[in-house]
Amino acid sequence: MKINDVILHAVTKIVVFIIFTMAVYLFLSGHHNPGGGFVGGLVLASAFVLLFLAFDMETVRHAIPFDFKYVAALGAFIAVASGVGSVFFDAPILSMTHGYFVLPIFGETELATVTLFELGVALAVVGVVVTIILSIGEDI
Amino acid sequence: MIELMLSAALVMFGLAGAIALIRIIIGPSLPDRIIALDMIGVILVSVVAVISVILNTRAFLEVILILAILAFISTIAFSRYIERGAIIERKRDR
């Protein structure tokens, strides 16, 4: 019997973008406010899980054509590389810095290298969580 | 006066959460338990909103959003489980 799930698909297509926006907000607010790479990665992973729940695995794999294990590996590499990179500037490993720059639209903005580390953490969390949920959630 | 009303609202939310918990424990069927879990999610969101009004802060608004997102996704997952038996399907039957 074919199951009618038009409402679920229609709601999911909108709500996924709201969750993506929430994840980006949490990721960018993580320097002075609650949030950060780990929480942003978890919310992003919940958006992917919602996609996998509403649609099936083949459709989402066709729409998002990258392997989440490679995403986790890339995130771990970015995090470690941002830690090792401080060695070349004669500083202890994992030491971070920040500076104030004047950008065209945003005005004077504080840019920190912690954001690179947080980006790596977020990618690693997304990859690991989605891989675990796909491994234990798919029907055999 | 407004603080008395907010405190009374918190007490009533606690009572509603206890009643929903009883329904989760003794619920005769699986859909009863799922509806009660969704109700507990809504109660948590309301409690956080009332507490942020009482404390006069804006720091808990992300908590409300994330709780709402997680309650929504968990309700969808439970519904798919009782309807089809599998959480994530490999291929959709067309």
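The values are calculated or read from the model by the stated rules, or taken from the named source; none is laboratory data. Predicted, not measured: the structure shown is a model, and the values here were computed from it. Cβ placement follows ideal geometry from the backbone for every residue including glycine, while neighbour counts extend to all protein chains displayed. Calculation scope for accessible area: heavy atoms of the full protein, side chains included, ligands and nucleic acids excluded. Shrake-Rupley method; radii C 1.70, N 1.55, O 1.52, S 1.80 Å.
What the table below lists for this structure:
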| quantity | calculated |
| --- | --- |
| Residue that is nearest to the other protein chains (Cβ to nearest Cβ) [pool: residues in region A:37-60 that are open to solvent by 20 Å² or more (accessible area, probe 1.4 Å) and more than 16 Å from A:Lys13 (Cα to Cα)] | A:Glu58 |
| Pair list, Cβ under 9 Å, 6 or more apart: region A:70-94 residue touching a residue at least 40 places away in the same chain (Cβ under 8 Å), other residue assigned to a helix (DSSP H, G or I) and surrounded by fewer than 18 Cβ atoms within 10 Å (Cβ to Cβ) | A:Val71/A:Thr131; A:Ala72/A:Thr131; A:Ile78/A:Leu116; A:Ala79/A:Leu116 |
| Residue tally, condition aliphatic (A, V, I, L, M) and under 13 Å from the mean Cα position of the chain (by Cα), over region B:64-94 | 10 |
| Flag for B:Ile69 being in contact with a Gly (Cβ under 9 Å, 6 or more places away or on another chain) and either at negative phi or acidic (Asp, Glu) (or both) | no |
| Index of the failed condition, A:Ala63 passing every other in (1) surrounded by 17 or more Cβ atoms within 10 Å (Cβ to Cβ); (2) more than 12 Å from every other protein chain (Cβ to nearest Cβ) | (1) |
| Every residue from region B:55-94 that is part of a loop (DSSP other than H, G, I, E, B) and facing chain A (nearest Cβ under 8 Å) | B:Ala59, B:Gly85, B:Ala86, B:Ile87, B:Glu89, B:Arg90, B:Lys91, B:Arg92, B:Asp93, B:Arg94 |
| Pairs, first closer than 15 Å to A:Val114 by Cα and open to solvent by less than 60 Å² (accessible area, probe 1.4 Å) in region A:16-36, second at pLDDT 85 or above and of a type in the set (Phe, Trp, Tyr), C-beta under 9 Å, six or more apart | A:Gly30/A:Phe38; A:Gly35/A:Tyr25; A:Gly35/A:Phe27; A:Gly36/A:Phe27 |
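Condition check ((1) of a type in the set (S, T, N, Q); (2) touching a residue at least 12 places away in the same chain (Cβ under 8 Å)) across all residues:
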residue: B:Leu30; (1), (2): no, yes
residue: B:Ala36; (1), (2): no, yes
residue: B:Met39; (1), (2): no, yes
residue: B:Ser46; (1), (2): yes, yes
residue: B:Ile54; (1), (2): no, yes
residue: B:Ile69; (1), (2): no, no
residue: B:Ile82; (1), (2): no, yes
